[in-house]
Amino acid sequence: MSADPSDDGELLDAYSRTLTRVAASLAPSVAAVQVTSSGGRSPLGSGSAVALSTDGYLVTSAHVVAGGDGGLLDLADGRRLRFRVRGRDPLSDLAVLVAEHGDLEPARLGDASALRVGQLVVAIGNPLGLAGSVTAGVVSALGRSLPTRSGAQVRVIDDVIQTDAALNPGNSGGALADSAGRVVGINTALAGVGLGLAVPVNTTTERIIGRLVRDGRVRRAHLGVAGMSRPIPPRWAAEIGRHRGLEVVEVIKGSPAESAGLRPGDIIIEVDGRPVESPRDVQRLMVDGPVERFLVIRVLRKGSSHVVTAIPDELAAA
């Protein structure tokens, strides 16, 4: 039995209506970015940015503006504005720009934690210098990780969105939106043929963006341990209601962790009362976190529970 061709037509119409609605609502909030030298003549890089507020703040990818501190924005309404970089955070690949005259149309931010694999997403940016380009696809995977580097520091961005919406050079810093036109990701990288990655918009990244707007930088605490997730012995797993912790593999010499008495072989199960199961859990706690204040760390050591206190210092900027 063949399907009624009119059903396909109705589906296509619904799909098209969704895309045109998202494009119409979001395109005015996405700008083309051209990073220039201090004299404003030599181009140093390009990409896209998403307006956050009417008074001139935009978010983009940190690598887009890695080569300079200002440049030009081309808006959908034809205006060209100068911008300066308010702050950048290479370890999240996010940066905040400030347009010189403001008067922007801000995008609505969504929550990437609500995304599902297979969900429709729309990418809006300026690939290959083609302003206001729209591509569509689906969320092809969630929970991906993206390594980033700032000088000698290496960090992993968690919960990166993978999509098959076509992304090309110039899309970086642009918007990945859901079918309601809410920005759920900032496009950051081409992962391979037919695959793109986006930094998720969630409570962690919103906090990072907020710090960049307010302070122009993000402070990260440094504890000084390297570790890996491992199972907790069954007796302790039953008592604390969790099955994994963070085994300390290395304690960096002279670090707050060494001063606190942490040792290789310890299994960290709580930091400041929050459960720890993997390196990512500690990493999240260190973002904009407890610099130069006491942290209470609960560990399992040789079958017994111990509590140590550490005073993290600030991770040095590159």
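Things worth noting here:
- Added length on full extension, which subtracts the Cα-Cα distance from 0.36 nm per residue, Glu292 to Arg82: 71.8 nm
- Reduced Cα scattering model of segment 12-62, Debye log10 I(q)/I(0), q = 0.31 Å⁻¹: -1.08
- Computed over segment 243-297, the P(r) curve from all C-alpha pair distances, binned at 10 Å from the origin, holds 23, 60, 17, 0 percent per bin.
- Proximity of backbone amide H atoms, modeled 1.01 Å from N, is registered between Gly245 and Arg230, Ile232 at under 5 Å, excluding neighbours fewer than 5 places apart on the same chain.
- Counted over segment 224-318 with a bin width of 5 Å, the fraction of Cα pairs per bin, in whole percents, is 3, 14, 26, 28, 17, 8, 3, 1, 0.
- In the distance distribution for the chain, Cα-Cα pairs more than 32 Å apart total 37 percent.
- Set against the 2.2 N^0.38 Å expectation for a compact globular protein, segment 171-263 has a Cα radius of gyration ratio of 1.59.
- Across the accessible surface of the chain, with the other protein chains kept in place and a 1.4 Å probe, carbon and sulfur atoms take up 52 percent.
- The calculated FRET efficiency for Asp215 paired with Asp55, based on their beta-carbon distance and R0 = 25 Å, is about 0.90.
- With the simple model of a label 7 Å out from the Cα in the direction of the Cβ, Thr203 to Ser305 spans 2.4 nm.
- Sequence-separation-based contact order of segment 178-318, relative, with Cα cut under 8 Å and 6+ spacing, percent: 22 percent
- The modelled label-to-label distance for the pair Glu258/His243, using points 7 Å beyond Cα in the direction of Cβ, is 3.7 nm.
- Accessible area expressed per residue, the chain, with surrounding protein chains retained (probe 1.4 Å, Å²): 48 Å²
The values are calculated or read from the model by the stated rules, or taken from the named source; none is laboratory data. Since the model is a prediction, treat every value here as computed from it, not as a measurement. With ideal geometry, Cβ positions are generated from the backbone for all residues, glycine too; neighbour counts draw on all protein chains shown. Note: accessible area is taken over every heavy atom of the protein model, side chains too, but ligands, DNA and RNA are not part of it. Shrake-Rupley method; radii C 1.70, N 1.55, O 1.52, S 1.80 Å.
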